[in-house]
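Throughout, read-outs are computed from the coordinates displayed, never taken from laboratory work. All of these numbers come straight from a predicted model, not from anything done at the bench. Note that we place each Cβ from the backbone using ideal geometry, even for glycine, and neighbour counts take in every protein chain shown.
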């Protein structure tokens, strides 16, 4: 089954992804509306990846974190920086790989 990519975030982020060809982009307007949207998206079998900006995820708080913890393997939910940038203390993609693989993946250049 082919799965879709969905982007949820601020105007700059969703416009950028729409211009890059992502057809399902949603503008964050309020905490309540975005939480409802995410509940619905997490139930859709055709959604494979949800990209959500860090700032929106932080605004959604504990309820969002609980939703992600309780979901199945799909869709994957990944937080991304917005147009202004964002450097979290912990790299979520690295953390996801560590949980999935069971080990930390370290990349080095030849000769190091």
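Worth a mention:
- Gain on full stretching of the segment that runs from residue 44 to residue 19 - 0.36 nm per residue minus C-alpha separation: 6.6 nm
- Counting beta carbons within 10 Å around each of 36, 71 and listing the fewest first gives the order 36, 71.
- Annotation: the residues 1, 76, sorted from fewest to most other C-beta atoms within 10 Å of their own C-beta, follow the order 1, 76.
- Stretch gain in nm, segment residue 10-residue 33, where the contour uses 0.36 nm per residue and the Cα spacing is subtracted: 6.9 nm
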